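Let me begin by presenting the structure, written as C-alpha cells, before commenting on it.
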Amino acid sequence: MITWHLGILSFIFGAAGLIHLIKPKVFMRVMPLYIPFHKLIVYISGIIEIIASIGVLFEKTKMISIWTIITLLILFFPVHIHMLANKKASLNFPKSILLLRLFLQFALLYWAGSYL
C-alpha cells in the first residue's frame with residue numbers, strides 16, 4: 001500500500017532525477033574533481049533516481065528501490081562535503097545552508113530506511 005509520505009519521497013527523488021537530466025551543469029559544478037566522468041555520472045544518477053522513485057510505488061520493486069535510494073544518498077555525501085570545503089563548488093550558498101543540506105541527507109536516509 002502506498003502511503004502519502006512514500007508518495008512524497010517518490011516525488012522528491014523523481015523531481016531530483018529530472019533536474020539532473022534537465023540541468024546537468026549545476027550538478028557537474030559541485031562534484032569533486034577526483035570523481036571522473038562528471039556528465040555521465042550526473043545523467044546516470046538522475047536516471048537511477050527516477051527509476052527508484054517509480055519503483056517505490058510498487059510492492060514488487062519497493063525494497064530494491066528503497067535500497068537504491070539509500071545507496072545514492074550515501075554516495076552523494078562526498079559531494080555535500082566538497083560543497084562545504086570548496087567555495088567554487090558551494091554555488092555561493094551560505095555555509096549554514098550547506099550544513100543543513102548535509103544534515104538533510106541523514107534525515108532522508110532515516111526516512112528511506114524507515115520503509116525497510
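Derivation of every value follows stated rules applied to the coordinates shown; laboratory data play no part. Remember, it's a predicted structure, so these values are computed and weren't measured experimentally. All Cβ positions, glycine included, derive from the backbone under ideal geometry; neighbour counts span all protein chains shown.
Gain in length, residue 2 to residue 95, computed as 0.36 nm per residue apart minus the alpha-carbon separation, to one decimal in nm?
Working it through step by step, the gained length comes to 29.9 nm.
Residue separation times 0.36 nm, minus the C-alpha to C-alpha distance between residue 81 and residue 28: what's the value?
17.6 nm
Which of 96, 53, 65 moves the most in a Gaussian network model of the chain with Cα springs under 10 Å?
Most flexible of the set in this elastic network: 96.
Summing -39500 (n - 2.57) over the DSSP H runs of n ≥ 4 in the chain and dividing by its residue number, what mean residue ellipticity at 222 nm do you reach, to the nearest 500 deg cm²/dmol?
-23500 deg cm²/dmol
Roughly how big is the range 4-113's charge dipole about its Cα centre, with Cβ charges of +1 (Lys, Arg) and -1 (Asp, Glu), in debye to the nearest 20?
440 debye
GNM, the chain, Cα, under 10 Å: largest mean-square fluctuation among 35, 69, 44?
Comparing 35, 69, 44 in the GNM, the peak value goes to 35.
Show which lysines lie in cross-link reach of residue 87 when reach means a straight Cα distance below 20 angstrom and same-chain residues fewer than eight apart are skipped.
Excluding near neighbours in sequence, the set is 25, 95.
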